[in-house]
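**Student:** Structure in structure tokens, see below.
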Amino acid sequence: DGGITQSPKYLFRKEGQNVTLSCEQNLNHDAMYWYRQDPGQGLRLIYYSQIVNDFQKGDIAEGYSVSREKKESFPLTVTSAQKNPTAFYLCASRRDGKGKDQPQHFGDGTRLSIL
Amino acid sequence: AQTVTQSQPEMSVQEAETVTLSCTYDTSENNYYLFWYKQPPSRQMILVIRQEAYKQQNATENRFSVNFQKAAKSFSLKISDSQLGDTAMYFCAFMKPSGSRLTFGEGTQLTVNP
């Protein structure tokens, strides 16, 4: 079955530590996205990538980094510079056909907590 | 920049009744796309329905339908015959055709009571 896989489901970070959240998709989608969701709030865009080896900052990119070396993979690193990383992180992908209403499809999320 | 506003943080409805969730947006674009996503307690984001701005006909998906008022920049979601499984956070989202970014509203927590 095609889909988006995020791992791990739960992740704990120590102070000063970098952690990486995995996102893999086998939908052959061009674009991939990372969102942060805080309790009772909507989704805020961290980074997105429309093609391999290229990505753009979203609205809250500070303290995060990404790479897009393969079409199917878009890992997110939460660096020690992100002082409040506790949140639910969602990865999404989309077939990037311009002018078409292709929706974003989401993974099941990773919950990151500070130890 | 586009903004999306959901003015109802929480709503409740009795099972089998109808409920309408509100969404307004602000844009200078003439063509765009609008979506409603559902996030149940499992936290998975599920696409409920989509609407293209240049289509006058309101989108319908089974028990879910929208009332799209382009001039008023309003995009409400109507859920008919509400079921317990409809209990979830509902997000309205906007997308320009020239880019692939989604702008989300803050969400409306819907509770369906037995």
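**Student:** What percentages, rounded to whole numbers, describe P(r) for segment B:5-114 computed over all alpha carbon pairs with 5 Å bin width beginning at zero?
**Tutor:** Result returned by the calculation: 2, 13, 24, 25, 19, 10, 5, 2, 0.
**Student:** Further, regarding this structure: Ignoring any ligand, DNA or RNA, what whole percent of the accessible area of chain B comes from carbon and sulfur when the probe is 1.4 angstrom? All intermediate terms of the calculation are to be shown ahead of the outcome.
**Tutor:** On the way: 2400 of 5450 Å².
For chain B, the apolar C and S fraction of the accessible surface comes to 44 percent.
**Student:** Binned at 5 Å from 0, what are the whole-percent values of the Cα-Cα distance distribution for the protein assembly as shown, short to long?
**Tutor:** 1, 7, 14, 18, 19, 16, 13, 8, 4, 1, 0
**Student:** Rounded to a whole number, what is D in µm²/s for chain A from Stokes-Einstein with the Kirkwood radius over alpha-carbon pairs (37 °C, 0.692 mPa s)? Kindly include the intermediate steps, with their values, before the conclusion.
**Tutor:** On the way: Rh = 14.2 Å.
Reported coefficient: 232 µm²/s.
**Student:** How much FRET efficiency would the formula 1/(1 + (r/R0)^6) give for A:Thr86 and B:Glu10, where r is the Cβ-Cβ distance and R0 is 22 Å, rounded to 0.05? Display every interim value, and only then the final one.
**Tutor:** Values: r = 23 Å, r/R0 = 1.07.
That pair, A:Thr86 with B:Glu10, gives E of 0.40.
**Student:** Here's another thing I want to ask about it. With chain A treated as a Gaussian network of Cα nodes joined by springs under 10 Å, which of A:Gly58, A:Gly40, A:Gly16 yields the largest mean-square fluctuation?
**Tutor:** A:Gly40
**Student:** Accessible area lost on pairing B with A, both sides, 1.4 Å probe, Å² to nearest 100?
**Tutor:** On the way: alone 6470 and 6560 Å², together 11070 Å².
That pair hides around 2000 Å² of surface in total.
**Student:** If you count, for each residue, the other Cβ atoms within 10 Å and average over each peptide, how do B:18-24, A:88-94 line up from highest to lowest?
**Tutor:** Details: B:18-24: 18.6, A:88-94: 23.9.
Ranking, from highest mean packing down: A:88-94, B:18-24.
**Student:** Set Lys and Arg Cβ to +1 and Asp and Glu Cβ to -1, take the dipole of the protein assembly as shown about its Cα centre, and tell me which of A:Gln56, A:Gln25, B:Gln39 lies farthest positive.
**Tutor:** Going by the charge dipole, the pick is A:Gln56.
**Student:** Can you list the lysines whose alpha carbon sits under 22 Å from that of B:Lys70, skipping same-chain ones fewer than 8 residues off?
**Tutor:** A:Lys98, A:Lys100, B:Lys55, B:Lys78, B:Lys96
The values are calculated or read from the model by the stated rules, or taken from the named source; none is laboratory data. Owing to the predicted nature of the structure, the values given are computational and were not obtained by experimental measurement. FYI the Cβ positions are ideal-geometry reconstructions off the backbone, even for glycines, and counts take in every protein chain you see. Note: accessible area is taken over every heavy atom of the protein model, side chains too, but ligands, DNA and RNA are not part of it. Shrake-Rupley method; radii C 1.70, N 1.55, O 1.52, S 1.80 Å.
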